[in-house]
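> Below is the structure I would like to discuss, written out as structure tokens.
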Amino acid sequence: MKRVLVIGGSRGIGLEVVRQAVRSGYAVRALARSADRIPGSWPNLDRRIGSAIDADGNAAALPGVDAVVMTLGVRFGPETLLGPVRLFSAATRTVVPAMERAGIRRLICITGFGAGDSRSAVGCVESIPFRLLLGRAYADKDLQERIIQGSRLDWTIVRPVLLVHGPRTGCYEALGSPQEWRNGIISRADVADFLIKQIDNKGWLRQSPVLRAHFPWPFRRERRL
């Protein structure tokens, strides 16, 4: 049984990853400040209360792990609009060296459409509200991606488009070529499905695909970055 560490596993995409991974037979270690609130009683789930930026907590959570899935997010609000956002880069600066020291190579990380070189695919009409509402958070996601890409890890960076509520459908596409990148919607459950598949799949090794649903779904929008 492979053991997976999910960093940020108490809500959003991370919680979906935890749920789907334990049901798929993985041994899951979930690290989050509110890990004790993760619902369910699975024998293969190990809840670890801690911060993603705490070096000691990360080091303690890594032994015996085969892969790490980073699913950090911040709530949309005044702090993301007006204040600096450093969570993504700070956590990655802690996790990546800890993984390298522990000899754990597989890292799967969520950022978002508009991070890194996918920023060029954000349309002109979308770019103004994107910069105003998400600019600070995505500047930190840019830095997060550069830290990962400069590491010695076997990484995959996943850039989902607009997150919405909805079930796991399997009706989504991973777009690897910049010519294919475009906005859209996708459910958290489908993003989690793709992340879990990358644990044993090396098809997207050292790549950063954009993830979107094949066709529109009438899901409710989610205010999580």
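> Can you find a residue in the range 32-40 that is within 23 Å of residue 202 (Cβ to Cβ) and either of a type in the set (A, V, I, L, M, F, W, C) or free of Cβ contacts under 8 Å to residues at least 60 places away in the same chain (or both)?
Checked against the condition, which is being within 23 Å of residue 202 (Cβ to Cβ) and either of a type in the set (A, V, I, L, M, F, W, C) or free of Cβ contacts under 8 Å to residues at least 60 places away in the same chain (or both), the range 32-40 yields no hits at all.
> Determine, yes or no, whether residue 74 is in contact with a Phe, Trp or Tyr (Cβ under 9 Å, 6 or more places away or on another chain), surrounded by fewer than 22 Cβ atoms within 10 Å (Cβ to Cβ) and farther than 22 Å from residue 194 by Cα.
Here the answer is no, as residue 74 does not meet what is asked.
> Moving to a separate point now. If the Cβ limit is 6 Å and pairs must be 6+ apart or interchain, which residue in the range 183-210 that is closer than 21 Å to residue 164 by Cα pairs with which residue that is of a type in the set (Ser, Thr, Tyr) and surrounded by fewer than 21 Cβ atoms within 10 Å (Cβ to Cβ)?
190/169
> For the range 5-31, which residues satisfy the criterion of being in contact with an Asp or Glu (Cβ under 7 Å, 6 or more places away or on another chain) and in contact (Cβ under 8 Å) with a residue 60 or more places away in the chain?
Selection gives 20 alone.
> Could I ask something else about it? Regarding the range 108-119, can at least one residue be identified that is of a type outside the set (A, V, I, L, M), modelled with pLDDT under 95, closer than 16 Å to residue 163 by Cα and over 13 Å from the mean Cα position of the chain (by Cα)?
Among the residues of the range 108-119, at least one is of a type outside the set (A, V, I, L, M), modelled with pLDDT under 95, closer than 16 Å to residue 163 by Cα and over 13 Å from the mean Cα position of the chain (by Cα), which makes the answer yes.
The values are calculated or read from the model by the stated rules, or taken from the named source; none is laboratory data. What you see is a predicted model; the values in this text were computed from it and never measured. Note: ideal-geometry Cβ built from the backbone for every residue, glycine included; neighbour counts use all protein chains shown.
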